[in-house]
Amino acid sequence: MRLTELELIQTQMVARHGIRYPTEGNIQDINGLLKRLKPFEELLPLWMRNYTLPYNRSVAGELAVAGKFELWELGVRSLARSGHEKRVMFLKDNYRIAHTHVKRTRDSAIAFVDSFFENPEDVEYIEYPKNTDFLLRFFDQCARYQREHSFGLKRESIEFSPKDLMAVQSACAFDIALYHHKHQWCSLMSMTFIHSLDYLDDLEQFYWIGAGYKINYEMAAVLLRELVDTMMGRVNGSNTLAGNFFFAHAETTLPLVTLMGYGDRSLLLANATKAEINSRGFRTSILSPFGANIEFRLFKRKSGAEEFYVQILVNEKKAKIPGCERVFCKLSELEQQWDYYLKPYDFQKDSPPPTNNSAEEVRNANIQGDKKPREDEIAQVFMPNAESSAVYEPKATDTPLSIPLGSVVELKLDYICATSAAEVEYLKEFAIAGQVSVRGKRMWISGTVTADISSVAAQ
């Protein structure tokens, strides 16, 4: 089937918010590192000795100006892809705009709307409540996910911890994303450092919201069901929606694309070889950067038998739909392909909502969605195309971070993930010595990642 034979009748999009300011967790980590380095002030680069962050907690986690422009541009491109030469008129029966309770998702929606609609002041926004958002923040509403994976994930600390090293990466990335600076925090990092932390982050996210566990992505079935129901509604006439847009988080978009079969599900291991790390297919910087989006485009055949086709764009790129293996797939075929998640799969049974006690535990643990200090959005700044040429290469005159801890810092990983009995049996297949070990109902992924930090005098 060719595009010229089809007429676009509906588009739906699930988008991640745009570039944001660091969260409180990011800010605390960076300030904590600065405090720990204070006793070694004479060894630090001059710029670092009296350094203060150019942002504070008043804007923590909020959408940055660059993020607003990012979503505004997404609206412009989406409008053009829909075949419109100018902005369209918002009508409640034709368009729906929804977002989570988090302010940066609403601000992202507003930026998108401003470029997409002729009358943005008339747009009605749907905000899903904080404690009952089963559609876009399903990860908050699944007690099993919070219990078995969120609470089970931790790192073994060392004198100069991975958290400290990732704070450097975080500070550098926000310098680039917000201010286009590469001469301060970024000058402290070698290529080895960048690649090590990039893999460390992918390793964490693979088991946190990626394909590491079925529950991570099966939770997104509620959202997939909503998207398909909306397409079916347009087909059978129960709705007249031409556009349906959702603005949420990486914890929303990455599980959804994984559920549909996009991305590499090969296990990531903490002691993977350099070749395995370089060739991995799971890269959060590609799958779920700021502004990541999945667009479902519903077409009607122009002539002949009445048939409906679906095209899915991942981050605005055409791709064959997994399972169908074509760019344009019949809606009826996708219904059959996704049948388990559209009908028999019971989110409420598989992912019961947290009890009052467990909800309180989650809040205390500070792990709900984007509240957890995350670094997957950071990697895209260094590796937008997963190519070395896209990474900032420090010059010979740059001053590396100088600390009295030797020339190599070892990042020791010890991921402990509680699993169900069935998952334990499955994981035993991967229980290779030194890679994965299963003890009772817990899985250990152990290994090391090293980062070179040369010890030289400050300029």
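The values are calculated or read from the model by the stated rules, or taken from the named source; none is laboratory data. Worth saying up front: this structure is predicted, and the values here are computed from it rather than measured. Don't worry about glycine lacking a Cβ; one is built from the backbone with ideal geometry, like all the others, and counts go over all protein chains shown.
Can you spot a residue in the stretch 181-196 that is under 17 Å from the mean Cα position of the chain (by Cα) and either crowded, with 22+ Cβ neighbours inside 10 Å or free of Cβ contacts under 8 Å to residues at least 24 places away in the same chain (or both)?
Applying the first criterion (under 17 Å from the mean Cα position of the chain (by Cα)) to the stretch 181-196 yields none.
The answer is no, given that none of the residues of the stretch 181-196 is under 17 Å from the mean Cα position of the chain (by Cα) and either crowded, with 22+ Cβ neighbours inside 10 Å or free of Cβ contacts under 8 Å to residues at least 24 places away in the same chain (or both).
Search the stretch 58-84 for residues that are more than 12 Å from TYR21 (Cα to Cα) and pair each with any residue that is basic (Lys, Arg) when their beta-carbon atoms are under 7 Å apart and the residues are at least 6 apart or on different chains.
LEU79/ARG87
To keep it simple, each residue is scored yes or no on (1) closer than 23 Å to GLN10 by Cα; (2) touching a His at 6+ places or on another chain (Cβ under 9 Å).
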site	(1), (2)
ILE215	no, yes
ALA220	yes, no
THR230	yes, no
ASN239	yes, no
ASN244	yes, no
LEU268	no, no
ALA272	no, no
ALA275	no, no
ASN278	no, yes
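Quick check on ASN271: is it among the polar types (S, T, N, Q), within 30 Å of ASP198 (Cα to Cα), modelled with pLDDT under 90 and touching a Ser or Thr at 6+ places or on another chain (Cβ under 9 Å)?
Yes.
Any chance you could count how many residues in the stretch 323-352 are surrounded by 15 or more Cβ atoms within 10 Å (Cβ to Cβ) and either at pLDDT 90 or above or touching a strand residue (DSSP E or B) at 6+ places or on another chain (Cβ under 8 Å) (or both)? Spell out the reasoning first.
Kept after step one, since they are surrounded by 15 or more Cβ atoms within 10 Å (Cβ to Cβ), are these residues of the stretch 323-352: 324, 327-331, 333-335, 337-338, 341-342, 345, 347, 350-351.
Checking the rest, the ones that are also either at pLDDT 90 or above or touching a strand residue (DSSP E or B) at 6+ places or on another chain (Cβ under 8 Å) (or both) come to 324, 327-331, 333-335, 337-338, 341-342.
The total comes to 13.
Could you identify the single residue in ALA98, ALA64, ALA60, ALA109 that is surrounded by fewer than 17 Cβ atoms within 10 Å (Cβ to Cβ) and of a type in the set (Gly, Ala, Ser)? Can you show your working first?
Values: ALA98 fails: surrounded by fewer than 17 Cβ atoms within 10 Å (Cβ to Cβ); ALA64 fails: surrounded by fewer than 17 Cβ atoms within 10 Å (Cβ to Cβ); ALA109 fails: surrounded by fewer than 17 Cβ atoms within 10 Å (Cβ to Cβ).
The conditions single out ALA60.
Which residues, counting only those in the stretch 119-134, are in a helix (DSSP H, G or I), modelled with pLDDT of 95 or more and either in contact with a His (Cβ under 7 Å, 6 or more places away or on another chain) or within 21 Å of PHE69 (Cβ to Cβ) (or both)? Give the steps one after another, and end with the answer.
Within the stretch 119-134, the first condition is being in a helix (DSSP H, G or I), and the residues that meet it are 120-122, 130-132.
Imposing the further condition that a residue be modelled with pLDDT of 95 or more reduces the set to 120-122.
Passing the criteria: PRO120, GLU121.
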